[in-house]
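A quick write-up on the structure given underneath.
The values are calculated or read from the model by the stated rules, or taken from the named source; none is laboratory data. Being a predicted model, the structure only gives us computed values, none of them experimental. Methodologically, a virtual Cβ is constructed for each residue, glycine included, from the backbone with ideal geometry; neighbour enumeration extends over all protein chains shown. In case anyone asks, the SASA skips ligands and DNA or RNA and just uses the protein heavy atoms, side chains included. Shrake-Rupley method; radii C 1.70, N 1.55, O 1.52, S 1.80 Å.
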Amino acid sequence: MKSPTSLGEQWIEVETTASTQSLAATYLLEDSPIGVIYAHEQTQGKGRFDRTWVSQTGDSLTYSLIFRAYPDHPKPYLIGMAAALAVAGVLHCKLRWPNDLVFGELKVGGILTQLMPDSKGRLVAVVGIGINLNQQSFPPEIAEIATSLSLARGGHYDPELIGHKIVERFASLPEPDEWGDLLPIWDLFDVTPGKKYKLVSGEVSTALGIGSEGQLLCSVEGESRTVLAAEAMFGV
């Protein structure tokens, strides 16, 4: 799979920004050669369903990758799931559909894929990645569901070094054309079956597995459902 920097695009570093995703949107419209935006500190980052993801200098890896090589991709969510595979391969963690990075039941990071227009009006997948690296504690509201790489494995980690390793990892992945190409690798990391997901209807479902197109297969009171990433949130 083509990573942004493998195409000659530039990696830039910023000290503080509200959101690396917002910066990526600007660079795309300006037709800038920037491919990776790495921030030491992010103050207004967002995850899926507009959940807040704030990172402080040295504690987290926070960056956005612009995948210009795949404009108007018919299945852009596969790019985000491929990104999850790249991260899991570097961290040696597990994956919970569609893009949660976990150690056991605790979340160490997440991935947000957004489609943004470039200067030609094409929609390009921009993948935001946030990983807890060196935190030793978390705010009370997430203390029971979050962890860091340091807490899970010990040691202290350089965010930029981890970021480069993830970008390099893309070269070992299949092109994100069909879910079937990514599935054998995903299966190595997957802990989705049996997990609870809340659907947009308010119903609580139990994950059965992942379907042929990368969607969630789940059960609601014995009835099988198929849902997309935008239609289900982990947890109840």
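Examine region 76-99 for a residue that is of a type outside the set (Phe, Trp, Tyr), under 22 Å from ILE34 (Cβ atoms), in a strand (DSSP E or B) and at pLDDT 95 or above, and state whether such a residue exists. Scanning region 76-99, I find no residue that is of a type outside the set (Phe, Trp, Tyr), under 22 Å from ILE34 (Cβ atoms), in a strand (DSSP E or B) and at pLDDT 95 or above, so the answer is no. Residue count for region 215-225 satisfying the condition of being open to solvent by less than 80 Å² (accessible area, probe 1.4 Å), in a strand (DSSP E or B) and without any contact (Cβ under 8 Å) to a residue 60 or more places away in the chain: 5.
Output the residue which, of all residues in region 227-236 that are part of a strand (DSSP E or B) and touching a strand residue (DSSP E or B) at 6+ places or on another chain (Cβ under 6 Å), is surrounded by the most Cβ atoms within 10 Å (Cβ to Cβ). Filtering first and then ranking leaves ALA232.
Given the condition modelled with pLDDT under 95, in a loop (DSSP other than H, G, I, E, B), farther than 21 Å from GLY109 by Cα and open to solvent by less than 40 Å² (accessible area, probe 1.4 Å), answer yes or no: does some residue in region 42-58 qualify?
Going residue by residue through region 42-58, those that are modelled with pLDDT under 95 are 42-58.
Then drop every residue that is not in a loop (DSSP other than H, G, I, E, B), which leaves 43-45, 47, 51, 53-54, 56-58.
Imposing the further condition that a residue be farther than 21 Å from GLY109 by Cα reduces the set to none.
No - not one qualifying residue is present in region 42-58.
If you go through region 82-107 and keep only what is among the hydrophobic types (A, V, I, L, M, F, W, C), more than 11 Å from the chain's Cα centre (by Cα) and within 15 Å of GLY163 (Cα to Cα), you end up with VAL90, LEU91. Please determine, by comparing only the residues of region 121-150 that are touching a residue at least 24 places away in the same chain (Cβ under 8 Å) and open to solvent by 80 Å² or more (accessible area, probe 1.4 Å), which one is farthest from LYS195 (Cα to Cα). Going through the qualifying residues, I end up with ARG122. Which of the residues that make up region 89-112 are surrounded by fewer than 23 Cβ atoms within 10 Å (Cβ to Cβ) and closer than 16 Å to SER3 by Cβ? Within region 89-112, GLY89, VAL90 qualify.
Among the residues making up region 176-193, those that are outside any strand (DSSP E or B), of a type in the set (D, E, K, R) and surrounded by 14 or more Cβ atoms within 10 Å (Cβ to Cβ) are ASP177, GLU178, ASP181.
For region 194-214, which positions are open to solvent by less than 60 Å² (accessible area, probe 1.4 Å) and touching a Lys or Arg at 6+ places or on another chain (Cβ under 7 Å)? Don't jump to the end; show me each part of the working.
First, the residues of region 194-214 that are open to solvent by less than 60 Å² (accessible area, probe 1.4 Å): 194-195, 197, 199, 202, 205-207, 209-211, 214.
Selection gives LYS195, SER205, THR206, ALA207.
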